[in-house]
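Report on the following structure.
The values are calculated or read from the model by the stated rules, or taken from the named source; none is laboratory data. Everything quoted here is computed from the prediction, not taken from an experiment. Ideal geometry is used to build each Cβ from the backbone, glycine not excepted, and the neighbour counts take in all protein chains shown.
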Amino acid sequence: MTVDVINIQGEKTGRTAELPDNVFGIEPNKHAVYLAVKQYLANQRQGTHKAKERSEVSGSTRKLHRQKGTGGSRKGDIKNPLYPGGGRIFGPKPRDYSQKLNKKVKALARRSALSSKATLGSIIVLEDFSFEAPKTKAFHGILKALQLHDKKTLFVTAEYEKEVLLSARNLPRTSMILASDLNTYQILNANAIILSESAIEKIKETLV
């Protein structure tokens with residue numbers, strides 16, 4: 001697949017970039033995408049939830065009244081889960097929600113997501129650029145030139161660009177990621193994907 005390379009003014013440079021068909025032109029595998037998104041979201045969960053059970057609640061362990069002869073129900077101590085302030089029955093405990101997924105399935109899911117976005121025409125190739133100093137207004141100007149300032153945008157770079165990252169991180173609908181760290185969820189979650197020219201080679205190395 002061949003696409004035009006755009007400059008930061010939003011104009012065609014006259015050059016084209018080749019997006020490999022085995023990454024951007026495959027038939028999307030929906031089940032692989034589902035598994036990858038499910039794993040990503042599960043791995044975001046901290047699992048630090050905790051509720052106190054009967055043995056952990058502070059309070060007297062004295063039996064409230066004798067077992068028989070009162071006409072009332074049998075009761076234990078004040079920490080009984082049926083009383084206000086008592087322990088919780090089967091409450092949440094800290095646990096690990098992370099899931100494992102085969103590397104080949106994860107790669108297939110990323111290729112499927114990228115192919116889906118390419119089919120929709122949601123991938124833009126931008127010529128490499130850099131900033132001398134962080135400037136959010138300058139980065140916003142690039143998005144405006146590309147008519148993406150009001151869309152959820154994922155910007156993919158080949159290397160860590162500190163000034164570009166600092167310029168983009170305050171924009172509410174824009175996120176940046178290294179090509180080597182691409183994941184299925186972020187690809188699908190974006191309305192548009194901007195690839196720097198050098199990022200294409202990194203994606204080839206990772207997914208081909």
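Going by the structure shown, is residue 8 under 29 Å from residue 149 (Cα atoms), touching a residue at least 12 places away in the same chain (Cβ under 8 Å), among the hydrophobic types (A, V, I, L, M, F, W, C) and part of a loop (DSSP other than H, G, I, E, B)? It is true that residue 8 is under 29 Å from residue 149 (Cα atoms), touching a residue at least 12 places away in the same chain (Cβ under 8 Å), among the hydrophobic types (A, V, I, L, M, F, W, C) and part of a loop (DSSP other than H, G, I, E, B). If we scan segment 60-70, do we find a residue that is charged (D, E, K, R), without any contact (Cβ under 8 Å) to a residue 12 or more places away in the chain and assigned to a loop (DSSP other than H, G, I, E, B)? The answer is yes; a qualifying residue exists. In segment 64-74, the condition of being touching an Asp or Glu at 6+ places or on another chain (Cβ under 8 Å) and over 30 Å from residue 128 (Cβ atoms) is met by at least one residue. Does residue 99 qualify as being touching a residue at least 60 places away in the same chain (Cβ under 8 Å) and out of contact with any strand residue (DSSP E or B) (no Cβ under 9 Å at 6 or more places or on another chain)? So residue 99 passes the test. Scanning segment 1-54 for residues that are under 23 Å from the mean Cα position of the chain (by Cα), over 17 Å from residue 193 (Cβ atoms) and β-branched (Val, Ile, Thr) turns up just one, 48.
Restricting segment 121-164 to residues that are among the hydroxyl-bearing types (Ser, Thr, Tyr) and part of a loop (DSSP other than H, G, I, E, B) leaves a set whose member that is surrounded by the most Cβ atoms within 10 Å (Cβ to Cβ) is 122. Only one of the listed residues (82, 101) is in a loop (DSSP other than H, G, I, E, B), modelled with pLDDT of 95 or more and among the hydrophobic types (A, V, I, L, M, F, W, C). That residue is 101.
The set of residues in segment 71-86 being out of contact with any His (no Cβ under 8 Å at 6 or more places or on another chain) and either under 30 Å from residue 96 (Cβ atoms) or touching a residue at least 12 places away in the same chain (Cβ under 8 Å) (or both) consists of 76, 77, 78, 79, 80, 81, 85, 86. Looking at 98, 116, just one residue is within 26 Å of the chain's Cα centre (by Cα), loosely packed, with under 12 Cβ neighbours inside 10 Å and not hydrophobic (A, V, I, L, M, F, W, C), and that residue is 98. Exactly one residue out of 27, 18, 56 is surrounded by 12 or more Cβ atoms within 10 Å (Cβ to Cβ), acidic (Asp, Glu) and either assigned by TED's automatic domain parsing to the domain that holds residue 114 or touching a helix residue (DSSP H, G or I) at 6+ places or on another chain (Cβ under 8 Å) (or both), and it is 18.
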